1. Only Cα pairs within less than 10 Å get springs; with that Gaussian network setup on the chain, which residue of ASP95, ASP111, ASP86 has the largest fluctuation?
2. Starting from 0 in steps of 5 Å, tell me what percent of the Cα-Cα pairs of the chain lands in each bin.
3. Using a simple spin-label model with points 7 Å from Cα along the Cα→Cβ vector, what separation in nm is obtained for ALA187 and GLN146?
4. Using a Gaussian network model of the chain whose springs link C-alpha atoms within less than 10 Å, name the residue from ILE75, ILE17, ILE61 with the highest mean-square fluctuation.
5. Whats the longest run of the chain with zero chymotrypsin sites (Phe, Trp or Tyr not before Pro) that are DSSP loop and have at most 16 other Cβ atoms within 10 Å?
6. Spelling out what I want: for every residue of the stretch 114-125, take phi, set θ = phi - 60°, compute 6.51 cos²θ - 1.76 cosθ + 1.60 (Karplus), and round to whole Hz; glycine and proline get x.
7. Taking only Cα atoms, what is the 0 to 90° angle, nearest 10, from helix 164-192's long axis to the longest principal axis of the chain?
8. Between GLN84 and ARG171, how many nm apart are label points set 7 Å from Cα along the C-beta direction?
Amino acid sequence: MTQQSSPFRPDVSIIPIHGKSPQIHDSAFIAPGCRIIGDVTIGPDSSIWYNCVIRADVNRIVIGARSNIQDGTVIHCDSPGPMQPDGFPTTIGDDVLVGHNAMIHGCTLEDRAFVGLSATVMNGCVIEGDAMLAAGAMLTQGKRMQARELWAGTPAKLLRTQPDAAIAEMRLGVAHYVENAKHHAAAIAAARDGQA
């Protein structure tokens, strides 16, 4: 882990606050335009895509290995208070897919969870492994999606259990993003060196 990025990461803000600095694994891909603030941990081979904001100024945010946070997503947390002494940190496990423009706030996405594009996950929610929140859905505060469930709508509700084929496709998506991140990192480095 490194506080200051040793890989080439142009137009990326990595900002300490309240004595806490982002800890980003050297193998993680951080695309241009990202803003990463405070008590953030990002694990190996994860990818944070263009113009994401990850702001851990009032609690912690942890992103595991091989997870991808796609373009324009905002991740935040919530501070401790009288009703919630620990507040609401955000914990994202390994092999998690988060679609473009998602809003992830004070929740837990367990290993292999999937959040569709433009979906919202609110404080205290848990999405278990191999569960999918559909595009555009809003998972309201404190809800728990069980493993392999598909939820959709605003507010989100259970639609069905996911078949094996859908689970397999999600796992392929994780592998794709790990590989695609390497291509983007190489393209950004080539642009720096005038080889694009």
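Readers should treat all values here as calculations from the given coordinates under stated rules, not as data from a laboratory. Given the structure is predicted, the values throughout are model-derived calculations rather than measurements. Please note: Cβ atoms are built from the backbone with ideal geometry, for glycine as well, and neighbour counts cover all protein chains shown.
1. ASP86
2. The percentages, shortest bin first, are 2, 8, 16, 22, 19, 15, 9, 5, 2, 1, 0, 0.
3. 4.2 nm
4. ILE17
5. Details: sites that count: PHE8, TYR50.
Segment 51-196 is the longest.
6. Calculated HN-Hα couplings, in order: 9, 10, x, 5, 6, 7, 10, 10, 9, 3, x, 6 Hz.
7. 20 degrees
8. Result for the modelled spin labels: 3.3 nm.
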